[in-house]
Amino acid sequence: MSAVRRTSPTLDDGARDENDPEDLGPRGPNAAAGIPIYRWLMAGFLLVMNVADVYLTKAILARGGVEANPIMRPVIGHAVSPVAIKVIVSLGVGALLLAAPVRSRFADVAVTLVVVIYVLITGWNIGVLLQSAAL
């Protein structure tokens, strides 16, 4: 009795192996259809957190607080500049994340760390606002 070993044929012609969920075939590793959904979510969440940071900071400033970020301090008083800066930077980071190779764990870990930092910043800002409202 001989054992039959089933293996996928080698696809040197660039065709997609439908049995391999990691094989992106001719679309390439960065095609929109091949970008994992969690990367899209992280990029979007990063944008939302940055915009929330601006509006929460403005609310804190209206209650007599100060901007702790030395980069944003000179522009936080302007109507559009802080949001524009945060949106441009967030879109840049998001674009880099989406352009990173699908199998790159560095990109995932780095942006996850940035998202966690912004969640902490947003939480801190909400805490400051709640504390100022209680005074």
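The numbers here are math on the coordinates, done by the rules we state, and not lab data. Quick caveat, the model's predicted, so the values are computed rather than measured. Every residue, glycine among them, receives a Cβ derived from its backbone with ideal geometry; neighbour counts consider all protein chains shown.
For the pair Ala133/Ala59, report the inter-label distance in nm, with labels modelled 7 Å from Cα in the Cβ direction.
Reported label-point gap for Ala133 and Ala59 is 0.7 nm.
Regarding region 76-116, what whole-number volume in Å³ per residue does the convex hull of its Cα atoms give?
Roughly 55 Å³ of hull volume per residue.
What ranking, highest mean first, results for peptides 99-109, 82-92 when packing means the other Cβ atoms within 10 Å averaged over each residue?
Highest mean packing first, the order is 82-92, 99-109.
Would you kindly give the portion of the calculated P(r) for region 41-135 that falls above 22 Å, as a percent of all Cα pairs?
33
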